[in-house]
1. Mind checking the range 129-210 for GluC sites (Glu not before Pro) that DSSP puts in a loop (not H, G, I, E or B) and that have at most 13 other Cβ atoms within 10 Å?
2. What FRET efficiency comes out for Ile16 versus Val362 if R0 is 60 angstrom and r is the Cβ-Cβ distance? Round to the nearest 0.05.
3. State in Å² the accessible area per residue of the range 205-272; use a 1.4 Å probe, count heavy atoms of protein chains only, and round to the nearest integer.
4. Roll a 1.4 Å probe over the protein chains and send me the accessible area per residue for the range 491-582 in Å².
5. Between Lys277 and Ile349, what is the spin-label point distance in nm, taking each point 7 Å from the Cα along the Cα→C-beta axis?
6. Compute the distance in nm between two label points, each set 7 Å from the Cα along the Cα-to-Cβ direction, one at Tyr640 and one at Lys301.
7. Provide Rg and Dmax in Å for the range 58-106, with only Cα atoms included in the calculation.
8. Kirkwood hydrodynamic radius of the range 151-258 from all distinct Cα pairs, in Å?
Amino acid sequence: MDFSSFVTTLTTSFIIFIVLVLIFTWLSRKPSNEVIYFPNRILKEFESSEGKRTKNPFAWIVEALKSTEKDVIQMAGVDTAVYFLFLNSALWILVLSGIVLLPVLLPVAGTDDSRVTDTNSNGTFNTLDKLAMGNITEESPRLWAFLIATYWVSFVTFYVLWNAYKHASDLRAAALGSVDLKPEQFTILVRDIPPPPEGQTQKEHVDSYFSTLHPETFYRSMAVTDHKEAYKIWKELEGYRKKLARAEAVFAKSKTVSKEEGTKPTKRIGFLGLIGKKVDTIDLCNEKIKELVPKLETEQKITIKEKQKRSALIFFNNKMAATSAAQTLHAQMIDTWIIMEAPEPRQLIWKNLTIKFYQRQVRQYIVYGIVFMAIVFYMIPIALISAFTTLSNLRKLLPFLKPIADQPEIKTILEAYLPQIVLILFLALLPTFLMFLSKAEGIPSESDVMMAASGKYFYFTVFNVFLGVTISGTLFSSIKTIVKHPKTIVSMLGSNLPANATFFITFVALKFFVGYGLELSRLIPLIVYHVKRKYLCKTEAEVKEAWAPGNFCFATRVPNDMLIVTIVLCYSVITPMIIPFGVGYFGLGWLVMRNQALNVYVPSYESNGRMWPHNHARILASLILYQVLMLGYFGIKKFYYTSFVIPLIMMSCIFSYVCDKRFYLAFCFTPLEIIRSQNNKEIPNMETIFEAYVPPCMNSDILDNTNQFEDGSHKVQQQDPMHDLGVALQSATV
């Protein structure tokens, strides 16, 4: 990429960002768009401060800067606050590193005139080459500056991560120690329950076991069952209720002064509603609802009686008892009575609760094998993309494009955007696949699935984007030389590392200017909402579904941010000019996402910051990769003191070990000292806590005849749950 293409990339990306910010400022003023730009505030019944926002186009920036961590927790939860802690950590690592690296390394590299730089060297421009480590001659004493810089970046990372881990621990402790009653604090999840003794039901077996071990604090159990069929009927029932509400809204709207009786909507009952007899939609929906309600009621009874699995939720009458039970070894054998803290009700993945211990182990190994193979084979198309989409390679492979590609304007645009855009679009295909694989492992909660998918996505991006682009670009452009002289591959890869920095600088710039511009402007959700509202939505419920903002989607957002951390860390000493772009990415990201957290996204669950150890480990992995890369690059430079980098790698491993021993267990379990001061001796309303875990498809409130599903006794032990359906629904549900 020549200098003009590089400048074009930055200038165009910046202009696009400014345009998108102006669009956001203009569109967010309109009252009809309030549900797109302030849905979180609307759902929490906060005032949108519309007057203050519309007068000043920078009001959102002021609000984001003035907001506190407490504001973020109040509006978006602890998990979101921990995400901002990650952004802060990445930003401070780069800022503190850049304060030293930029004023020291740039002059050291730029004033080394002993090396003659080719102005046409492998797609880079001469100015950046002269300001990079690649401009330093082999065995030069100037390499000492880069070695010291390597140590500086590492120590800065250690310092920032240590303080961040302590802060994340404090955030989690404050959330867990809150006086607010949360159902998961009184509940544990037990899996792999052994078969009941002869003459006992599964429910009696569980009650007997826990009432014996915890006689004073055990409240009751809820047997996990296979409610797939009940869920299917419930979804169909809910679908017809939505259709009925829609049809009634259409019918009401058809009533006019001239036609007071209105026109009832109709539909065909044949294939996909395209053929067959026309019937009254309202009558059809009412008939289907009347047919499905008793069908669901019957299926609920069958599910409760016959489809109990060997897992259960156990409820205790105080937090301390539940926390202690979750951390206690209940059985001698590791594959029976496996206990863990229960996820909050919104997080539970019910179908995974019934998967047996050894099945989970086998599934995990299979998924890991699939991910490994996918990483390896996914590198092939990534490498081809990075190789083929460079302008020079396209001209070689497709000679007929030369007349077009040689046009100065087209050449500049292709060099500036083509490889980065193709790569971003190609990576967009991964998240859904990785979420599916993570759920297939048998993980019981959404937050754990998110972290598992995020980890897989991180490995994909590091191996297939960072390493794939770095290696493939060099190999493809120099394949003939490598075939003739195989021993030159190592030195060739090393000498081309600075050259690849231009690709990653433009990649980072495109991600934070265009990516965050689109995030802030929310053009796609806005267009989708207005199209649905105008042509598809007939009821208030449908309108609300059309503007529902969703959550932060950490499974894709965090790995993308981690990729930028990895890129900037690994090139921070080799090409220090990348640091300001990393600072821009995380600084602008913090600002834009602060606005989105306060005004837009609504969390779908809360894990009280359990994602921080995941983030911490990935940043450390990026740091170790950076240190290994520097070890190899110093070796290529034939620096006599290259081995001085090895202690850094050892220190990183020791630092990781110390952090795990000091902090990690508090994120896996709830420390008793946290809830001791908040442990309420007065027994809370356990019925409310219990009912929070009843799945919607087994909830009696969804049926017209609710009398059959009224609550039974307050505590059930050693009793057949089918004596009374109300008791059964409380003691043994899906």
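1. In loop regions of the range 129-210 (DSSP not H, G, I, E or B), the sparsely surrounded GluC sites (Glu not before Pro) are Glu138, Glu139, Glu198.
2. 0.80
3. I get 60 Å² per residue for this part.
4. On a per-residue basis, the range 491-582 sits at 33 Å².
5. 4.5
6. 9.1
7. 14.7, 44
8. Computed over the range 151-258, the radius equals 20.9 Å.
The values are calculated or read from the model by the stated rules, or taken from the named source; none is laboratory data. Everything numeric here is computed off the predicted structure, so don't read it as measured data. So basically every Cβ, Gly included, is an ideal-geometry build from the backbone, and we count neighbours across all protein chains shown. Just so you know, the surface numbers come from the protein's heavy atoms only, side chains and all, with ligands and any DNA or RNA stripped out. Shrake-Rupley method; radii C 1.70, N 1.55, O 1.52, S 1.80 Å.
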